[in-house]
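Worksheet for the structure shown next.
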Amino acid sequence: MNSDDSKMDSLEKKFENLSNPLGNLFVKVFHQLALFGIGAATVWSAIISFYEMTNKTHAGIQDLLLLFIYLEIGAMVGIYFKTNHMPVRFLIYVAITAVTRLIIDLVNINHEASWQILILGATILLLALANAVVRYSSSKFPSNSNLD
């Protein structure tokens, strides 16, 4: 190796030592800004939905399930702020609640059972089994960082 190669290697290492922390900082700042945005949008949507419910004569089950979805998303954002890890189980809970809302909408529209409701019920069962697998896996094979 000549001195030009060693100078180039030294320059590359200096650049890497500077760029890695800077890149990590940008990623952390982006995560924080995105979390604030998601949290603010969740609160805003929940407030608007709640306001719309107060203008009706009553709140339906779909409205209540929608509020639960907002609650679960807010909890996910809060957990991510505290632990810096995405709680997978909460995503599954949101999906189960959303599919339940779809079933209720289908029943309210059609007023009869259909194969679509059966498929959505099977979807909930599959999501519940996925949740059980995630819970079993996290308890049986815990990671060092308490990931779900």
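Computed values, structure above
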read-out	value
Breaking point among (1) modelled with pLDDT under 90; (2) within 30 Å of Phe30 (Cα to Cα); (3) assigned to a helix (DSSP H, G or I), for Asp105	(2)
Qualifying residue in region 30-47 (condition: touching an Asp or Glu at 6+ places or on another chain (Cβ under 8 Å), assigned to a helix (DSSP H, G or I) and over 19 Å from Pro87 (Cα atoms))	no
Residue check, Ile38 under 12 Å from the mean Cα position of the chain (by Cα) and at negative phi	yes
First in region 85-108 and touching a residue at least 60 places away in the same chain (Cβ under 8 Å) and surrounded by 18 or more Cβ atoms within 10 Å (Cβ to Cβ), second anywhere and assigned to a helix (DSSP H, G or I) and of a type outside the set (Lys, Arg), Cβ under 7 Å, 6 or more apart	Pro87/Met76; Pro87/Ile79
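The values are calculated or read from the model by the stated rules, or taken from the named source; none is laboratory data. Keep in mind it's a predicted model, so treat the numbers as computed, not measured. We place every Cβ from the backbone using ideal geometry, glycine too, and count neighbours over all the protein chains shown.
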